[in-house]
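Following: one structure in structure tokens, then a few remarks.
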Amino acid sequence: MAAKHGVVGLMRSFAVELGQHMIRVNSVHPTHVRTPMLHNEGTFKMFRPDLENPGPDDMAPICQMFHTLPIPWVEAEDISNAVLFLASDESRYITGVTLPVDAGGCLK
């Protein structure tokens, strides 16, 4: 958690310093993302040590407990779409914000 707060602090400082040059600085904060980093045998066993050969279906209910929306994880494309939005002209006046792509996880 401390590392995330550090990233947010740096992002806000950069946004203040670079804003006068019309440079926008934001950060995206994802939840569990369905990638090989999350979906692997070691992670499955860490989340479900009670099972001999756990898989994603065994881990899903645990991951879903962290979210307000009833999903266990988001897709990499969901994160990419958030980054593309922040990089686009559609967000031309958005700077210094954190954008959680977390299925409502920060609400809990």
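Any read-out appearing in this document is the output of simple, stated calculations on the displayed coordinates, not a laboratory observation. Keep in mind the model is a prediction, meaning the values are calculated, not measured. Virtual Cβ from ideal backbone geometry, glycine too; neighbours counted across all protein chains shown.
For region 42-95, what are the residues that are within 13 Å of residue 30 (Cα to Cα) and either of a type in the set (D, E, K, R) or without any contact (Cβ under 8 Å) to a residue 12 or more places away in the chain (or both)? Once the filter is applied, which keeps residues that are within 13 Å of residue 30 (Cα to Cα) and either of a type in the set (D, E, K, R) or without any contact (Cβ under 8 Å) to a residue 12 or more places away in the chain (or both), region 42-95 yields 75, 77, 78, 80, 81.
Going through 16, 83, 74 one at a time, which residue ends up being surrounded by fewer than 17 Cβ atoms within 10 Å (Cβ to Cβ) and under 22 Å from residue 107 (Cα atoms)?
None of the others qualify; the one that does is 83.
From the list 68, 35, 95, the one residue that fits, being buried (at least 17 other Cβ atoms within 10 Å of the Cβ) and of a type in the set (S, T, N, Q), is 95.
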